Amino acid sequence: MRALQWTGPEKVAINDIPVPDIGPNDLLLKVGAAGVCHSDLTLVNFPYRIREDPLTLGHEIAGTIEAVGSEVRGRDIGERGLVYLFWTCGVCRECMSGNENVCAAAGRVAMPPCPGLSIEGGMAEYVRIPATSFVPIGDLDFLQAAPIADAALTTYHSIRGAREALRPGGTAVAIGIGGLGHVALQILDAIAGVRVIAVDVAPEKLELAAACGADIGLIAGPDTAKEILELTGGRGAEAVFDFVGVNATAKLSVETVAPNGAYRMVGIGDGIPEINAGPAGGPGLPWGASVRKSLGGTRSDLYDCVGLAQAGKLRIEVERFDLVDGPDALQRLDQGHIRGRAVLVP
């Protein structure tokens, strides 16, 4: 089969590799679509060799069951679904409590094994998955379903974790209207009942934001914090979601979150928010505001995201690429030229 693989620092290639064998508790999935994420770029651009063998990329995977392991029950050949991206132990306290995204078996790093990032992924014609990771999608289109596995899951989890601050009549800010940000706007519109301010550096991204339910769009610049404070009576937004995570957006988040508000760090741009333990005031983090680094989501969150899509409340803005054009899709994403989510089709 063909697969898009990381072959070394800043190197990817389409290779011919064997169709994977499956074990008794696995499924073989014929891939219908695979989303392209900034996490893929982080891996590809990592300056050091992380392993000797090539690694098949792709953790946003949707497809059809092609074969079923001998010990698997309740799954049938031909069933359509997507893949929960964390392949966890399933028996630790965190997993048993429904917090699979921070499985205790992953230690302090709390990054459970994930296809395409640490084990063979789904940017290929077939992929082996644990049967427990399969989530049915009914008749959802694969192009729409694949990005739900991360772009929707991650945004939904960050929003659910801030629900206490998201009261009707309040304000939420979404920074970075890309693959995750444009999904977040739709989820906020569907479940939160708040006014939403979208922030981005590109006018075309704010056009996408308006189409996804944003009430106000702001071009990011030196006065953005002042504008948000003016729009919120000087108090700030009840929730700020940073889908970029660089220094500038982290600083903006701290300066615009309200007292007792929620600041959620979702983007992985290595930004350092200016937070200290001194008295609150000025542009610093206000009293009562919470800060949380939000990773992925739970299996239950993923079922909720599928439900939103099936109800017509969530639609991913997709740019379709053939699998063989995967290197071009990664390059365009790296250059900021993707509108919404790039999705590869074998």
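Taken over region 285-299, the criterion of being loosely packed, with under 14 Cβ neighbours inside 10 Å and either part of a helix (DSSP H, G or I) or under 16 Å from the mean Cα position of the chain (by Cα) (or both) is satisfied by R292, K293. Based on what the data block shows, is G284 outside the structural domain of Y84 (by TED's automatic domain parsing) and either without any contact (Cβ under 8 Å) to a residue 12 or more places away in the chain or over 24 Å from A214 (Cβ atoms) (or both)? Against the criterion (outside the structural domain of Y84 (by TED's automatic domain parsing) and either without any contact (Cβ under 8 Å) to a residue 12 or more places away in the chain or over 24 Å from A214 (Cβ atoms) (or both)), G284 qualifies. Within the option set I175, I197, being crowded, with 23+ Cβ neighbours inside 10 Å, touching a residue at least 40 places away in the same chain (Cβ under 8 Å) and closer than 28 Å to Y303 by Cβ holds for one residue only, I175. Across region 307-325, the qualifying residues are those that are β-branched (V, I, T) and closer than 18 Å to L140 by Cβ, and the one among them that is nearest to the chain's Cα centre (by Cα) is I316. Restricted to strands (runs of 3 or more DSSP E) entirely inside region 1-106, those with at least 1 residues that are hydroxyl-bearing (S, T, Y) and more than 19 Å from D325 (Cα to Cα) are 60-68.
For first residues located in region 249-272 and on the phi > 0 side of the Ramachandran plot, partners that are surrounded by fewer than 24 Cβ atoms within 10 Å (Cβ to Cβ) and not in a helix (DSSP H, G or I) and lie 6+ apart or on another chain with Cβ distances below 6 Å form the pairs N260/G288.
Do the conditions hold for A329, that is, is it closer than 30 Å to A192 by Cβ, at pLDDT 95 or above and among the hydrophobic types (A, V, I, L, M, F, W, C)? No: the conditions fail for A329.
How many residues are of a type in the set (A, V, I, L, M, F, W, C) and either in a loop (DSSP other than H, G, I, E, B) or surrounded by fewer than 19 Cβ atoms within 10 Å (Cβ to Cβ) (or both) if we restrict to region 258-284? Residues meeting the conditions: 6. Among residues of region 203-221 that are in the same structural domain as A174 (by TED's automatic domain parsing), those with a Cβ under 6 angstrom from a residue that is modelled with pLDDT of 95 or more and polar (S, T, N, Q), sequence gap 6+ or separate chain, pair up as C212/Q186; G213/Q186; L218/T224. Per the listing L302, L252, L308, the residue uniquely modelled with pLDDT of 95 or more and surrounded by fewer than 22 Cβ atoms within 10 Å (Cβ to Cβ) is L308. On the basis of being in contact (Cβ under 8 Å) with a residue 12 or more places away in the chain, within 21 Å of A210 (Cα to Cα) and of a type in the set (K, R), does R160 make the cut? No. Does A149 qualify as being over 27 Å from G32 (Cβ atoms), crowded, with 24+ Cβ neighbours inside 10 Å and either at pLDDT 95 or above or in contact with a Leu (Cβ under 7 Å, 6 or more places away or on another chain) (or both)? Judged against the criteria, A149 is not a match. Residues in region 304-345 that are over 13 Å from D40 (Cα atoms), outside any helix (DSSP H, G or I) and in contact with a Lys or Arg (Cβ under 7 Å, 6 or more places away or on another chain): how many? Here the count works out to 6. What number of residues in region 316-346 are in contact (Cβ under 8 Å) with a residue 60 or more places away in the chain and out of contact with any helix residue (DSSP H, G or I) (no Cβ under 7 Å at 6 or more places or on another chain)? Here the count works out to 6. Screening G170 with (1) more than 24 Å from P273 (Cα to Cα); (2) of a type outside the set (A, V, I, L, M, F, W, C); (3) at pLDDT 95 or above gives one miss only, at (1).
The values are calculated or read from the model by the stated rules, or taken from the named source; none is laboratory data. Values in this document were obtained by computation on a predicted structure and should not be read as measured data. Neighbour counts run over all protein chains shown; Cβ positions are idealised from the backbone, glycine included.
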